[in-house]
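Since the structure comes first, as structure tokens, the remarks are kept for the end.
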Amino acid sequence: MAPVLREDEEFVIKSLCTKFGGTFRIGEDPPDAYMSLNDNEIAVEISILTQHVVDKSGKPVPRLSQDSGVLRLCDELNEELKSDVPSGVYVLLIISSPLNNIRQTKADLINKIKEIAQNEAPRNEVFKTNENKVKIKTFLGERPSGKKVIGAVPNQNSSPDILGNVLYILSERINDKVTKCQNIVHRPLWLALFNDYWLAEPDTYKLAMEKLSIEHSFDKICLVLGSKEVHTLYET
């Protein structure tokens, strides 16, 4: 079976092509893709930067594994509202768990999201319903998944140290990709990282990159945002 790109991988490589003016073809996994640029073909490996939290044993795990309950509700909202949120806008719901009166809360959230999403400008509101406190944020841009409504859950096992979290995320992802790409001989070889840790800004990633001392063979490491912005974290 021929290799295919996931939606998030396709979003990242298309963002790179938009930024640098290239075209792409699917790679052998690894690398995920090749980008043709100025008569040169660049091998591109792609990965996602997602926050980690600790489990009961103290082991770091992707935060999604602990937040799945409330996120299921957000998936339902996305399915029902995907045609009501304008193009170029997406909604982030920050919801604590457990929820009170889920059915009524869901209905209230549907009405609130429809109301604020029509204003095609970033919004940040706190909404209370059934003794549930929900933060609703609207952003300009598109998610790689195409989702119009996404959720985040305050997690007691997460660290408030954003730089510390970014240091761990970058270190874990780069080391993992060093191992995966160790047999790639094609050069140049780039690593493109999609930022799915919304609290971290590009400058935080750049600072973390300066602090890390990881041996790798990537000629360039890029950070890609949901807005399709591309930032260079490392370049030979």
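See the values below:
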{"quantity": "Test: residue in region 171-192 that is farther than 30 Å from Met35 by Cβ and not hydroxyl-bearing (Ser, Thr, Tyr)", "calculated": "no"}
{"quantity": "Filtered residues of region 20-39 (kept if of a type in the set (Phe, Trp, Tyr) and in a strand (DSSP E or B))", "calculated": "Phe24, Tyr34"}
{"quantity": "Looking only at region 205-236, and only at residues there that are of a type in the set (S, T, N, Q) and in contact with a strand residue (DSSP E or B) (Cβ under 8 Å, 6 or more places away or on another chain), the one that is farthest from Asn165 (Cα to Cα)", "calculated": "Thr236"}
{"quantity": "Output for region 40-70, where each listed residue is more than 17 Å from Gly226 (Cα to Cα), surrounded by fewer than 19 Cβ atoms within 10 Å (Cβ to Cβ) and at pLDDT 90 or above", "calculated": "Asn40, Glu41"}
{"quantity": "Only one of Ser171, Ser213 that is of a type in the set (S, T, N, Q) and either in a helix (DSSP H, G or I) or in contact with a His (Cβ under 8 Å, 6 or more places away or on another chain) (or both)", "calculated": "Ser171"}
{"quantity": "Asn183 assigned to a loop (DSSP other than H, G, I, E, B), assigned by TED's automatic domain parsing to the domain that holds Leu199 and either β-branched (Val, Ile, Thr) or modelled with pLDDT of 90 or more (or both)", "calculated": "yes"}
{"quantity": "Some residue of region 87-105 being of a type outside the set (A, V, I, L, M, F, W, C), surrounded by 14 or more Cβ atoms within 10 Å (Cβ to Cβ), within 22 Å of Leu225 (Cα to Cα) and in contact with a strand residue (DSSP E or B) (Cβ under 9 Å, 6 or more places away or on another chain)", "calculated": "yes"}
{"quantity": "Residue in region 194-202 that is at pLDDT 95 or above and either under 18 Å from the mean Cα position of the chain (by Cα) or assigned by TED's automatic domain parsing to the domain that holds Asp32 (or both) present", "calculated": "yes"}
{"quantity": "Close pairs from region 79-100: first aromatic (Phe, Trp, Tyr), partner loosely packed, with under 14 Cβ neighbours inside 10 Å, Cβ under 9 Å, at least 6 apart", "calculated": "Tyr90/Leu140; Tyr90/Gly141"}
{"quantity": "Phe127 vs. criteria more than 21 Å from the chain's Cα centre (by Cα) and not in a loop (DSSP other than H, G, I, E, B)", "calculated": "yes"}
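Conditions (1) surrounded by fewer than 18 Cβ atoms within 10 Å (Cβ to Cβ); (2) at pLDDT below 90; (3) not assigned by TED's automatic domain parsing to the domain that holds Arg72, marked per residue:
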position	(1), (2), (3)
Ala117	no, yes, no
Ala121	yes, yes, no
Glu131	yes, yes, no
Val134	no, no, no
Lys137	yes, no, no
Leu140	yes, yes, no
Ser145	yes, yes, no
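The values are calculated or read from the model by the stated rules, or taken from the named source; none is laboratory data. It should be emphasised that the depicted structure is a prediction, and the values quoted were computed from it without experimental measurement. Because the Cβ atoms are built from the backbone with ideal geometry, glycine has one as well, and the counts that use them run over all protein chains shown.
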